[in-house]
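Have a look at the structure below before the remarks.
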Amino acid sequence: MASKKFAPRFLVVFALSLLSGCATPPDWLPSSGPSRKQVEQPVQRADSLVRLIDVDDAVARRLLESAQQQRFSQLLVGSGARGYAVGPGDVLEVSIWEAPPAALFGAAAVDSRMGMTSTRASALPEQMVAADGSINVPFAGAVPVAGKSPQQIEREISRRLAGKANQPQVMVRVIRNATSNVTVVGEVAQSVRMPLTAMGERLLDAIAAAGGVRQPVNKVTVQLTRGSTVYAMPLARVIESPQENVQLRPGDVVTVHFQPLSFTVLGATGKNEEINFEAQGISLAQALARAGGMQDARADARGVFLFRFEDPALFADGQSGPRTPDGRVPVVYRLDMKNPASFLVAQNFPVHNRDVMYVANAPGAELQKFLNMLTSVVFTATSLGNLGN
């Protein structure tokens, strides 16, 4: 009988001896991810390829300032509308008046009631601006017009006709605008090419000309391509802030995107999944709440991590570390939710698209798994011993 009871007792003693020597749970235990120490230790080494940053008020402020610098009003400062300028492909109409007696253009007309002689305007045939940027005007020759306003063209033609025509007066009218346009595409009612005028149309004017957006405003991002540079902002922020409704320039391309931003949450939270959020962004506190918060029985409140690829310009010390092929810096942000001040910081810390948030399991939760496994083994062994008896 004593030998039959030896196995359960031996397993109990063996389990206690394992627990007494276990400062951390064994690696073979099932887990939803690394523990807090397993995340921190590799990235704290001198040769680590990843930078570990503790989230505090200064870090949150720096990230918010970086987000402010991504506004249209900051990026496009001093690059507003330049006024309408004629370009190759535009169609112009040139009308010329002369003081009587007309010498070159138009026929003189006699007003029988007043007994006075006057002239009528001579409208030249409509002309398309040539590829070299010029039009032809009789007695003035090839007039360069590309890059000039209609008023500048009028003065240039008048100057060339001086001494040939009798006090010439010139009016230039743009019949068809082919160069000073803005293209609007994407999630709008209808893609359009909107001609720009001297009024100085703005970003929202272009979207309105395209019939507005087809998706909810708070989930739409507006992208402005100017030359070889691309800028983007949430449409809701452009609507709320008049200074972001910047003036457009010829050749601008406005693209409206419906791209739900998202972050991925893993670990000891209420749910593990990819969560969409609005184009204007959310804070880390909101992200934790949408993930169902931290699980009280599992989460290590000191082990809230956010994995992100950052812009090297954020690191003023110049030690941004290794970079990805696209020039980004791998960063792990660490937040200690045991500190009450972290709840205030988390309200200002912005979550970016494709961020990965991970909440580590508490050491006690891992040890509890270990205990449960050992208890199961001991109980099974005891049951088998009793069955043998």
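Quick notes
- A straight chain from Glu273 to Ser48 at 0.36 nm per residue would run longer than the Cα-Cα distance by 78.2 nm.
- Computed from the C-beta positions of Arg62 and Asn339 and an R0 of 22 Å, the FRET efficiency is 0.70 to the nearest 0.05.
- With the simple model of a label 7 Å out from the Cα in the direction of the Cβ, Phe315 to Ala289 spans 3.3 nm.
- Counted residue by residue at 0.36 nm each, then reduced by the alpha carbon distance between them, the extension gain from Ser158 to Gln74 reaches 26.0 nm.
- Residues whose amide H comes within less than 5 Å of that of Asn339, counting only those at least five positions distant or on another chain, are absent (H built at 1.01 Å from N in the peptide plane).
- Overall form of region 209-303 per C-alpha gyration tensor (a/c, 1.5; a/b vs b/c): prolate
- Radius 13 Å from Cβ of Met294, net charge of other residues (Lys, Arg +1; Asp, Glu -1): +3
- With the cut-off at under 14 Å, measuring from each backbone N in region 158-175 to a point 7 Å along the Cα-to-Cβ line of Met128 picks out 175.
- A full extension of the chain between Asn136 and Arg176 corresponds to an added length of 12.7 nm, given 0.36 nm per residue minus the alpha carbon distance.
- Total formal charge among the other residues, if their Cβ is under 10 angstrom from that of Arg71, Lys/Arg +1 and Asp/Glu -1: 0
- Candidate cross-link partners of Lys148 among the aspartates and glutamates, defined by an alpha-carbon separation under 18 Å and a same-chain spacing of 8 or more, comprise Asp90, Glu93, Glu126, Asp132, Glu156.
All of the numbers you see were taken from the coordinates with simple rules; none came from a lab. Not measured: the values here are computed from a predicted model. Methodologically, a virtual Cβ is constructed for each residue, glycine included, from the backbone with ideal geometry; neighbour enumeration extends over all protein chains shown.
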